[in-house]
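> Below is the structure I would like to discuss, written out as structure tokens.
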Amino acid sequence: MLTLSQVTKSFNGRTLFEEASLQLNRGDRIGLVGPNGAGKSTLLAVILGREQPDGGSVVWERGANYGYLPQESAAVGNETVLQLACAVSTEMAAALKVLAETSDDSEEHHAALEVFADNDGWQLEARAKQILKGLAFRETDFDRPARTLSGGWVMRAHLARLLVQQPDLLLLDEPTNHLDLESLGWFQEHLRTYRGAILVISHDREFLNRLVSSVVEISRGRLYRYRGNYEDYLGQKDARAEQQLAAYKNQQKEIQSLQAFADRFRAKASKASQAQSKLKQIDRMDKLEAPEGAERTVGQFRFPQPQRSGQRVVVLKDVDQAYGELVVYRGLQFQAERGQKTVLVGPNGAGKSTLLKLLAGVLQPVAGERELGHQVRAGYFAQHRHEMLRSDATVLEAAMDGAPHGVSEQTARSLCGAFLFRGDDVFKPVAVLSGGEKTRLGLVKMLLDPPNLLLMDEPTTHLDMASIDALIGALSQYEGTLLFISHDVHFIRSIASTVLHISAGKLVPYAGNYDYYLEKTKATNARAALVAGEGLSDKRGGVVAPVAKAANAAAAAAPEAVAGPGMKEVREARKRDSAERAARSKTLRDKQKALAAAEAEVMALEGKQAELTAALEGPEPYQNPSLALQLNRDLMRVQQALAVATATWDALAAEVGVLEVESEA
Ligand SMILES: Nc1ncnc2c1ncn2[C@@H]1O[C@H](COP(=O)(O)OP(=O)(O)OP(=O)(O)O)[C@@H](O)[C@H]1O
Ligand SMILES: [Mg+2]
């Protein structure tokens, strides 16, 4: 479908790839990997024709269409979320614009409606709704102007558009950066059954493992293609590295012995010409490069430390927090002690990010108070950052910008070095930095003058493994107080000294590291335990707790408005009269009944599923293939029914949760 041959591209004398070739066929699922700054995004830009290669060619199969998700920002105009998701072609986008801006009875409107219908608009819209829901948009967001969404949600809306469009080739630049774990699960499944080809850049091993059937690595200007998923790639890469190292060592030995001969006999008249020919032999050799490794390891560096704060760092008292009518916290009490390094875990949407923002003071609570301790300075590091970096500044200038007077250029340079800006890299203009390089610069800026209360939301987004290790190095030296959210189990294990579990607005502290938390909760899967709810292994432990949880999940998983959340609605809701309340409590009772029924159905199906699984594992199916086939078919049917029933249960639980919260208000 797409052929790159002998493509060469360099920026300012630095070669990103040299004579790189790649053949992409229909149905390919390729993961594109490599360290930050290797040129992954640039390769996509070359494929898309946004960057011209210095040499070589890019040839598309005639008629093949593609969809592209950029790594960082994507544009939005006045369209609604649903319109954005349906704008699968320029024609469609134009028609949607007219439909939104003209009155129903105008001629233009009718013409646009025809275009819309000709393009299967109604079907598209239905599919778009489904996909938006999968990516955790609420129905109430569909008609909201896309530009009122925060950056991460705009990217999600664009991602939805690409999935609605279903192009022959999806080109995705780190799509998982914008997703939470639950939406990630949905997205992963969706891509697995996607019928077109996929070329995806990602640093997320699990995601790649589930999805790709080959891996293309950019390493030192070359593309290497490996068959299989990410694990397979690692295995083959190790083997290749060993082979390369052996070949390199052999060649070095040969060079040394030739050189030694030349050195010894150069002065001797009788052997001079032989010595000369040995030197020529060295010259003519196709020199192998030293295998990767040494140059990207993190050096020892003493990071600047913040001023010491009081023992009690920050306190939340009687805090209520809500988004619109959905309550996330009610009467919350919390306190952090100096020197703690706490990871926040719990189901997605339980309010982890909200808690960080409340602690950081970037979000004002509806009610209650936040008190900072003695000499505390809080710093907030968000997942989607819009750094105020002058784009014409160099890395070094940007790092020094706003740093206190005492900070020397030498310190700034060393810190840049610790975050893998090597040599001339510090003189690069900010405008050309890759996604990971920008995140690293943000970290350097913060760590040059660190606050003594540090609140970080997914700080490893965009970072490759070496950069994550650099951050681990910095944070393990950090003497201030740290609270953070992360999906990276390795990172959590290296940093966290305590764990705070958040679910249904309730906080449960664990006074030990992540493994202590796993042990206490008897969790078997380290990654799943990150988003486990109350009772951890038991998804539907009772009715009350999970219902409230679902309500909260719906609340905080919903797109953040750029304008503040609707506190006003909360207060207005409280003032509603009693007649309305009575009506609501009737609806609540009905929904609760439906919920109980849905729960019974889920349980029945789960029983059936267990029975069938047990039967399949028994001896009979081995001897009787047609029985095995039948059992498998039944199991699949039950599992499908179970998925539907669980979705119904989820939806009802969320509704009941909302109604309960409202009826309490
Ligand atoms: N227009 C440009 N001028 C000069 N250098 C550039 C330009 N665009 C990119 N670069 C440099 O080329 C390198 C590759 O950038 P690219 O964005 O392709 O990296 P990447 O592999 O996608 O990295 P990441 O994992 O951080 O996203 C980077 O070091 C970047 O600073
Ligand atoms: Mg990139």
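> Pick from segment 515-536 the residues that are among the aliphatic types (A, V, I, L, M) and in a loop (DSSP other than H, G, I, E, B): which of them is modelled with the lowest pLDDT?
By that ranking, first place goes to Leu536.
> I'd like the full set of residues that are out of contact with any Gly (no Cβ under 7 Å at 6 or more places or on another chain) and of a type in the set (Phe, Trp, Tyr), limited to segment 324-348.
Within segment 324-348, just Phe334 meets the criteria.
> Looking only at residues in segment 99-115 that are at pLDDT below 90 and assigned to a helix (DSSP H, G or I), which one is surrounded by the fewest Cβ atoms within 10 Å (Cβ to Cβ)?
My answer is Glu101.
> If you take the residues in segment 30-43 that are assigned to a helix (DSSP H, G or I) and surrounded by 22 or more Cβ atoms within 10 Å (Cβ to Cβ), which one is farthest from ligand 1 (Cβ to nearest atom)?
Top of the filtered list is Leu43.
> Considering segment 425-457 alone, what residues qualify as being part of a loop (DSSP other than H, G, I, E, B), buried (at least 19 other Cβ atoms within 10 Å of the Cβ) and away from ligand 1 (no atom under 11 Å from the Cβ)?
Answer for segment 425-457, where residues must be part of a loop (DSSP other than H, G, I, E, B), buried (at least 19 other Cβ atoms within 10 Å of the Cβ) and away from ligand 1 (no atom under 11 Å from the Cβ): Pro450, Pro451, Asn452.
> Within the group Phe301, Phe261, which residue is outside any strand (DSSP E or B), hydrophobic (A, V, I, L, M, F, W, C) and touching a residue at least 60 places away in the same chain (Cβ under 8 Å)?
Just a single option satisfies the conditions, and that option is Phe301.
> Return yes or no: is Lys428 of a type in the set (Lys, Arg) and under 22 Å from the mean Cα position of the chain (by Cα)?
Taking the combined requirement at face value, the residue does not satisfy it.
> Let me ask you something else. Could you check segment 25-69 and list, in sequence order, the residues that are among the hydrophobic types (A, V, I, L, M, F, W, C) and more than 16 Å from ligand 2 (Cβ to nearest atom)?
Val58, Val59, Trp60, Ala64
> Please work out which residue is modelled with the lowest pLDDT, limiting yourself to segment 607-630 and to residues that are surrounded by fewer than 16 Cβ atoms within 10 Å (Cβ to Cβ) and under 30 Å from Val656 (Cβ atoms).
Of everything passing the filter in segment 607-630, Ala610 is modelled with the lowest pLDDT.
> Continuing with this model, one more query. Can you pull out the residues in segment 1-15 that are away from ligand 1 (no atom under 11 Å from the Cβ) and not polar (S, T, N, Q)?
Passing the criteria: Met1, Leu2, Leu4, Val7.
> Could you check how many residues of segment 84-124 are of a type outside the set (A, V, I, L, M), under 30 Å from the mean Cα position of the chain (by Cα) and under 21 Å from Ala74 (Cα atoms)?
3
> Looking at the structure I just gave you, is Gly49 at pLDDT below 90 and small (Gly, Ala, Ser)?
no
> Still on this structure, please answer the following. Within segment 435-470, can you find the residues that are among the acidic types (Asp, Glu), within 15 Å of ligand 2 (Cβ to nearest atom) and at pLDDT 90 or above?
Glu437
> Is one or more of the residues making up segment 372-380 among the basic types (Lys, Arg) and assigned to a loop (DSSP other than H, G, I, E, B)?
Yes, segment 372-380 has at least one match.
> Are any residues in segment 470-515 touching a helix residue (DSSP H, G or I) at 6+ places or on another chain (Cβ under 6 Å) and surrounded by fewer than 20 Cβ atoms within 10 Å (Cβ to Cβ), and if so, which ones?
Answer for segment 470-515, where residues must be touching a helix residue (DSSP H, G or I) at 6+ places or on another chain (Cβ under 6 Å) and surrounded by fewer than 20 Cβ atoms within 10 Å (Cβ to Cβ): Ile472, Arg493, Ser494.
> Still on this structure, please answer the following. So which residues in segment 163-192 are within 14 Å of ligand 1 (Cβ to nearest atom) and either among the acidic types (Asp, Glu) or more than 8 Å from the chain's Cα centre (by Cα) (or both), if there are any at all?
If the condition is that a residue be within 14 Å of ligand 1 (Cβ to nearest atom) and either among the acidic types (Asp, Glu) or more than 8 Å from the chain's Cα centre (by Cα) (or both), then Leu171, Leu172, Asp173, Glu174 are the ones that fit.
> Among residues belonging to segment 16-29 that are of a type in the set (D, E, K, R) and more than 12 Å from Ser213 (Cα to Cα), point out the one that is farthest from ligand 1 (Cβ to nearest atom).
That would be Arg26.
> Of everything in segment 400-424 that's within 16 Å of ligand 1 (Cβ to nearest atom) and assigned to a helix (DSSP H, G or I), which residue is surrounded by the most Cβ atoms within 10 Å (Cβ to Cβ)?
So the residue we want is Cys416.
The values are calculated or read from the model by the stated rules, or taken from the named source; none is laboratory data. This structure is a prediction, so every number in the text was calculated from the model and none was measured. Virtual Cβ from ideal backbone geometry, glycine too; neighbours counted across all protein chains shown.
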